[in-house]
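Inspection log for the structure reproduced underneath, given as structure tokens.
FYI, it's all coordinate maths here, none of it is from the lab. Quick caveat, the model's predicted, so the values are computed rather than measured. Cβ sites come from the backbone with ideal geometry, for glycine too, and all protein chains shown count toward neighbours.
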Amino acid sequence: MNDRIGILLVALLLSFCQFGCSKEANVANDPYDEAADAAADVEAAVAEARATGRLVLLNFGANWCPDCRAFSRAMEEPELATIIGDRFVVTKIDVGNWDKNPGVVDDWGNPIAEGIPAVVVATPDGEILFATRRGQISTARNMGRQEFAEFFRLLAELGKAG
């Protein structure tokens, strides 16, 4: 009986540690840099977009958000990473609990009002071509690979006609 209790306690301890004993261990897997200077990152993305002829894709989210994590993982899938890299300069912006980087959020039309993750696609001149102002991807963890691919293919078409 004592062996079973010991095994159970060890299993519980390991499962707790998996979900947060060491913040440092989780930081490497966090898609949003909580210490980043979002305004400077956006400025750098806009400058790179100007220099390369690509669009700016701002990805607003938070590390605690399962949908944001799913969206960020999807962006790294090889097929999507190619589409995204060819057409966009991406910047991830940590919004915390809707309390971080409010100036950047407001500068881009408050795309997070109806949920995160949220994206804004803009020209290097700051013209917003698309924003998820109605929470279109706020349930990203329920989206399949095909849905992500179609979403990014549609985004990649933005601005091509003009």
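Of the residues making up the range 137-155, those that are buried (at least 19 other Cβ atoms within 10 Å of the Cβ), among the aliphatic types (A, V, I, L, M) and over 15 Å from I116 (Cβ atoms) number 1. For the range 117-152, the set of residues classified as in contact with a Ser or Thr (Cβ under 6 Å, 6 or more places away or on another chain) and free of Cβ contacts under 8 Å to residues at least 60 places away in the same chain consists of A118 only. Residues that are without any contact (Cβ under 8 Å) to a residue 60 or more places away in the chain and in a helix (DSSP H, G or I) were ranked within the range 48-68; the one that is surrounded by the most Cβ atoms within 10 Å (Cβ to Cβ) is E48. Among the candidates A149, A118, the residue that is aliphatic (A, V, I, L, M) and over 15 Å from the mean Cα position of the chain (by Cα) is uniquely A149. Quick check: is even one residue across the range 76-92 small (G, A, S) and either in contact (Cβ under 8 Å) with a residue 24 or more places away in the chain or buried (at least 20 other Cβ atoms within 10 Å of the Cβ) (or both)? Looking through the range 76-92, none of the residues is small (G, A, S) and either in contact (Cβ under 8 Å) with a residue 24 or more places away in the chain or buried (at least 20 other Cβ atoms within 10 Å of the Cβ) (or both).
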